Amino acid sequence: MDSTTHDARAVIIPSQYQPPLPLERLILEDGSEGAGDRMELDVLIVGAGPAGLACAIELAKLAKADGADLNIGVLEKAEALGEHSLSGAVVNPRAFRELFPDLKDADFPFRGPVTKEAVYVLTKGGKLRLPTPPTMHNRGYYVASLCEVVRWLGAKAEGFGVNVFTGFPAAQLLVRDSAVAGVRTAAAGLDRDGKPAPGSAAPNDIIAKVTALAEGTRGLLAQAWCQWQRVPSDNPQIFALGVKELWETKQPLDRVIHTLGWPLPRDAFGGSFVYPLEPNLIALGLVVGLDYRDAGLDVHALLQQFKRHPLLRELLDGGEMVEWGAKTIPEGGFYSLPQRRTGDGVVLLGDAAGFVDVPSLKGVHYAMHSGIFAARVIFQHLKNGTRLGEYDRLVDASYIATDLYRTRNMRLAFRSGFYLGGFQAALMTVTGGRFPGGRYRMHADAEVPRRATAPALSTGISKVDAVFKSGNATRDTIPSHLIANPDVPLEVARFYAHVCPAGVYEATDHGLRMNPPNCVDCKATDVLGPRWTPREGGSGPKYKRM
């Protein structure tokens, strides 16, 4: 079989080819050899996203009010704040108001309020407008760029005396017995073989009394900690992949738009968004659940098809795509939350814990509020010895858990297909989640069988050009950060090539070929195939307005 021929009879179960989580590389005894410098902090926060920065700000505010001297550090793998941050995004300002009670909504880093919205079901050439589902009402919320939100929060954190260290990925958890003691960062300046090159830098050990893991979606250290400590969840976490573009347009857009249906197949869950950022700047994207059944499905290619729909064609006519990006989103909801998000010396925040509500398309304010709750417990833990487990109690008693419980089965209902899933989700909306009741059991995305099909021919922006528009300038001589089984069948190699929106994987007559510098850290194949691990700081995309 050559690299252009597909075996229509082939069925792929991704988990059969996925390497295990490299736990032996991720959990390291404190004091192990190999580190350069060693730094000690009171609190270490891994990840400068909304959850991590909200935690840092609240902690710093509490310390200031109490007259305490807390040494707080935030590690971020991107070269600059916001460069690895991507979301739609329409933001509920609730957590901002809590964190900054003296500010008005107009002071927050939002692009503008949602004044009009529309939801459509699309066919290939037509559309049907639907009443906006109650879970998707966005009046009173704000369109925003997550990059800009993160930069603004970072500046606020630094203003409170928080140390923000960009360009330092956390690569390993440092432990003492069953306690988390801190992290070891990734080495920098290694050659393709992983050996020190001129100007290389050894990893650093950062020790803290409490480590908050706010790594974002599919957080590697959060995964490692849960597996190491055998922390279960009722259902495995499931994910979606979102691919997003920013367009400078000739035509203005006056409303927030969401769509269902075309170009997705009926057995795939997902939809699109189109948001106005400025009179002549729009964000658009397509989000698809990674439990789809067609091994030839390619989210980036589907987004290119979507832009040719009449709903978009006139809006984009004469415009230019100016930025591109991709990332995964945790979609499992209430039943996929780890049964505890705390341990000895550690707490899990935001997307790393799974605090995303798919029916309302919201996660930013849940992430921030989880950081605020964690900060309050961490502060009392350091001051009075309060157990970190109080954080779980606060989250479980808050609107975060209430919201996720109310919509607990809505995303999961779509395992049965678009129409039956939509009918069940509508019943759940009407009954506040009470009917149909019970727990919908789910398989991990990698356990879902896929049928091998010939993909539709892709037109529009290529993956190579898309990666360029992400700002990715990772050096070509960097060692691979991806762990793949070397001898996967040809159909599996093709599957990886379709899953990855950034062109990292190629199926050739000689097997799987990888181009690791292309990676934009979306983590899609970490869900379904080759494992992602941190690489040297500053690698990957450099998002500006995503």
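In segment 443-514, the portion of solvent-accessible area held by carbon and sulfur atoms comes to 58 percent [1.4 Å probe, whole percent, DNA, RNA and ligands not counted]. Using R₀ = 51 Å, calculate the FRET efficiency as 1/(1 + (r/R₀)^6) where r is the Cβ-Cβ separation of residue 278 and residue 487; round to 0.05. Efficiency computed from Cβ-Cβ geometry: 0.55.
When the trypsin sites (Lys or Arg not before Pro) in segment 374-423 are filtered for DSSP coil states and for at most 16 other beta-carbon atoms within 10 Å of their beta-carbon, the remaining sites are 387. Diffusion of segment 104-229 by Stokes-Einstein, at 37 °C in a medium of 0.692 mPa s and with Rh set to the Kirkwood radius over alpha-carbon pairs, works out to 169 µm²/s. Distance between the pseudo-spin-label points of residue 202 and residue 508 (7 Å out from Cα toward the beta carbon): 3.7 nm.
For segment 155-233, the list of trypsin sites (Lys or Arg not before Pro) that fall in a loop by DSSP and count at most 11 other C-beta atoms within 10 angstrom reads 230. The magnitude of the dipole of the chain, with charges of +1 and -1 set on the Cβ of Lys/Arg and Asp/Glu and taken from the Cα centre, is near 1620 debye. Adding -39500 (n - 2.57) for every DSSP H run of four residues or longer, then dividing by how many residues the chain holds, sets the calculated 222 nm ellipticity at -7500 deg cm²/dmol.
Determine the share of segment 269-406's accessible area contributed by carbon and sulfur atoms, expressed in whole percent, with a 1.4 angstrom probe.
Percent of accessible area from carbon and sulfur atoms in segment 269-406: 49.
Kirkwood radius, the chain, all distinct C-alpha pairs, inverse of mean reciprocal distance: 23.6 Å.
Between the C-alpha center of segment 66-110 and that of segment 115-193 there is a gap of 10 Å.
Annotation for residue 33 and residue 434: the two label points, set 7 Å from Cα along the Cα-Cβ direction, are 6.5 nm apart.
Measuring from a point 7 Å past the Cα of residue 234 along Cα-to-C-beta, which residues in segment 428-453 have an amide N at less than 15 Å? Inside the label zone: 433-443. In terms of its C-alpha gyration tensor, segment 1-125 has an oblate overall shape, because the principal axis ratio a/c (a ≥ b ≥ c, square roots of the eigenvalues) is not below 1.5 and a/b does not outweigh b/c. Summarising the overall dimensions of segment 267-336 from its C-alpha atoms, the Rg and Dmax are 14.1, 45 angstrom.
Once the convex hull of all Cα atoms in segment 222-340 is built, its volume per residue stands at 132 Å³. Taking all protein chains into account, the per residue accessible area for the chain stands at 40 Å² (1.4 Å probe).
Spacing of the modelled spin labels on residue 103 and residue 462, each 7 Å from Cα toward Cβ, amounts to 4.3 nm. With the convex hull of its Cα atoms as the shape, segment 294-438 has an orientation-averaged projected area of 12.3 nm².
Rounded to the nearest 0.05, what FRET efficiency is calculated for residue 317 and residue 339 with R0 set to 60 Å and r the Cβ-Cβ distance? Spell out each step's value before the answer.
Details: r = 51 Å, r/R0 = 0.85.
About 0.70, to the nearest 0.05.
Using the alpha-carbon positions of segment 156-259, Rg (one decimal) and Dmax (whole number) come out as 19.9, 60 Å.
Counting only protein chains, not ligands or nucleic acids, how are 267, 291 ordered by accessible area (probe 1.4 Å), most first?
Numbers: 267 50, 291 15 Å².
Heavy-atom accessible area, descending, gives 267, 291.
The values are calculated or read from the model by the stated rules, or taken from the named source; none is laboratory data. Please read all numbers here as calculations on a predicted model, not as lab measurements. So basically every Cβ, Gly included, is an ideal-geometry build from the backbone, and we count neighbours across all protein chains shown. Ligands, DNA and RNA are stripped out before the accessible areas are found, and what is left, the full protein with its side chains, is counted by its heavy atoms. Shrake-Rupley method; radii C 1.70, N 1.55, O 1.52, S 1.80 Å.
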